[in-house]
Structure formats: C-alpha cells, structure tokens
C-alpha cells in the first residue's frame, strides 16, 4: 500500500490531477464559510441547533454544513442533481432529447447545456422559497433571522444562492475533466467527510454528559464497521455470465474459440439512486418547510426522516432510480448485438434477441438485490435517529457515498498507476471501481 502511494509522486500527470482536485475541494470548503448577506447567523444557528435528526439535518449533511451557516453554497449541488434527473426523465418522453443522446459528444454537450439552464431555474425557485421562509423565522429567544426583510432581501438571496450553485456545478465539472473522480460526487464526499470531526467531538461530549451511554456507543461503532464491510462487499459483487466465442478460420489463421465471462454488477447504479432520491424529496419538503401555510407544514412533517411516509417514499424512489439508472447505463440489446457480430454466444442461449432477453432478465434480478441493499443501508440512520435517539445524521447514506466515492477514486488512481507500470495500492489485489 505504501509503495503504491509512493508511486503517485512518480507520475506527473496523476500528481497534478490529485493536487488540482484537492485545491478545488479547498475552494469549496472556503466558500462554505462565506455567509449570505442579510442573515443573523447567531439566530439561524440557534434554530439549527434543534434541527439535528430532521430533514434540515439531512440537507445540511449533503451541503457540507453550508445550510447551517447559510453560506453562498447553502443550496449545495442538489439543484444540479435535480435538473439532471428531470433531463434524463424527459429524455425518455421527448424524441429530440433521445436523438441528442445518439449524437455522441455534440449531443452530450447540448444535454449538458440544458441541464445547466435547469439548474439555474431550480436554484432561483428554491432561493426565493427559502428567502420568504427565512423572513418568518425567529430564534428561540424571539430574534428574527432576517434583519431587514423585503423584496430586496429576497432577490439578493435568490441571486446569491443561484450563483453559489452554478459555481459548484462548474467546480464539479472541472474536477471531472482535470482532476480525479467524479466532480459532483467528490463535492458531496468532501462535505460529508468535513463534518466527521465535529460529529466525533459532539459524540464524546454527549458521552461525557451521560446522554449517550457506553453500550450504545460500542453498538454504533460495531454497526458502522459492519456497514462499511458490507458496503465494500456489495459494491464489488457481480454476476458472471459465461461467454464462448466460436472459432473462425481466416486464411491459415484460426480466430476465437476462447471462453470468457460478462460481469454484471449487483449495484450498477452506484451511489446515484440515494442521491437522486434525496434530491427529489428535499426539493418539495424544503420549500414546504419555509412557506407560511399550515397545509405546507403538514407536508413538511409528513416528509420528516423517520416517518412512515418519508421512508416508504425514499425506498420507492431508490428502487426506481436503481432500475432507471441501470437501464440508462446498460443496454442488453447492444451487448447482444456486439456479441453476435464478434461470434460470441451464451451457452444454451440463441444469439440475438434471446440473448438480450436473457441478459435483461439476469440484470433485473440482480438489480432488485442491489436496490434492496441500497435501501436498507440508506434507511438505517433514520431508524437509529427515531428509535435510538442518536443525535446526529450520519450513517447509511453518508457511508454509502463516502465508501463508494472512495472506491471509485482509488480505482481511477490504480488505473493511472497500472498504465505507467507502477504497482497498485494493494499488492496482488487490484482495487476495482464500483462500475468495473
């Protein structure tokens, strides 16, 4: 492992990519500390002191503490993710978007442009909704959160939050192109990891005051270690479909005749489903929480983490996005067609349509297992908060994102090292990214 780390310094391109990623993440963390104008941060902090274990606590986790500080990055990267979901869903229904997907790089750039426009629109809507809600909020001592309410404050807040989200979107794209790992996932990863020290300090403080006993703390530590091990196992789990290639004689040479396998990952979608599901739930729930209408507050309470409606909706969305994202990433018909062109076949299955149906059936079954695994991991922290009164929102979803992104990033670094004839991090056991 240490020898592999030493090898990073001997690859200039990899070293530059890692340094660039770290610098971009440092810029992100600095921006989290820059407050939005017109907010009484002390009054807002006292409000969020009561928000642990609620939807605000969950949203604050994804924003890396930016919502609690109400910084320029308070909306985080969630509007961009929501816009991506909308564009992908529309791509199934709108022929123009479907055609753009088939146009290669030019079509991808056009879809990215539409996603950026959608991000700006959603950010402005959320910014206005949050600004209006903040004007009616007060601290427990009766101090208003907004010193000078009015349309000037609303416009300034909406513009500031929109600009912060757009900057984060650009930051993520730069990391993806010039750094290591997926930029959007890395930003969420950095936000979660940055909150770990404060969560550990708060936990020890609660232990010292007797609010958390030693038995519960030991149980939580064991559970987290077990969850991490389970995530690592499931992220590398895959189903192997045997593939045989028929022999072909071209002149005096014989081609093919070998056997291999087609690996289908149990969790093809990775960390995308819980992120998408959280984004979908957070958007209406956040707006409802800030609106001064009783029926909107009823919606907010119904979508509170730990409630039956929230957990049922969350699990349903995770399962949907597991299948949806897998269908986007993996096309059985294309795989079957490529196998047929190259003389490959699955033993006992006719090439062509029958092969595509067989692969699709296998993929549907293992995706169900993957969706169930992701759902169990993601609802675990909500159960701990509601049933065991754990005072922080850190667990399943956070661990899934942290472990998954770490495995992807280490897999990319491993690929760079192997390409340049350097040994990998784990000698004799190369690190596999979750997408294989």
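The values are calculated or read from the model by the stated rules, or taken from the named source; none is laboratory data. Computed from a predicted structure; not experimentally measured. Virtual Cβ from ideal backbone geometry, glycine too; neighbours counted across all protein chains shown.
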- Item | Those residues of the range 149-161 which are in contact (Cβ under 8 Å) with a residue 60 or more places away in the chain and out of contact with any strand residue (DSSP E or B) (no Cβ under 7 Å at 6 or more places or on another chain), in sequence order | 156, 157, 160, 161
- Would you say residue 356 is in contact with a helix residue (DSSP H, G or I) (Cβ under 6 Å, 6 or more places away or on another chain), modelled with pLDDT of 80 or more and in a helix (DSSP H, G or I)? yes
- Could you grab me the full set of residues in the range 225-246 that are out of contact with any helix residue (DSSP H, G or I) (no Cβ under 7 Å at 6 or more places or on another chain) and part of a helix (DSSP H, G or I)? 225, 226, 229, 230, 233, 236
- Task: Looking at (1) surrounded by fewer than 16 Cβ atoms within 10 Å (Cβ to Cβ); (2) touching a residue at least 40 places away in the same chain (Cβ under 8 Å), find the lone condition where residue 170 falls short.
- Result: (2)
- From the list 200, 218, which one is within 23 Å of residue 32 (Cα to Cα), surrounded by fewer than 16 Cβ atoms within 10 Å (Cβ to Cβ) and not assigned by TED's automatic domain parsing to the domain that holds residue 72? 200
- Message: Looking at the range 382-396, can you tell me whether even one residue there is farther than 18 Å from residue 196 by Cβ, assigned to a loop (DSSP other than H, G, I, E, B) and modelled with pLDDT under 75?
- Response: yes
- Is one or more of the residues making up the range 243-259 surrounded by 13 or more Cβ atoms within 10 Å (Cβ to Cβ), more than 30 Å from residue 337 (Cα to Cα) and modelled with pLDDT of 75 or more? no
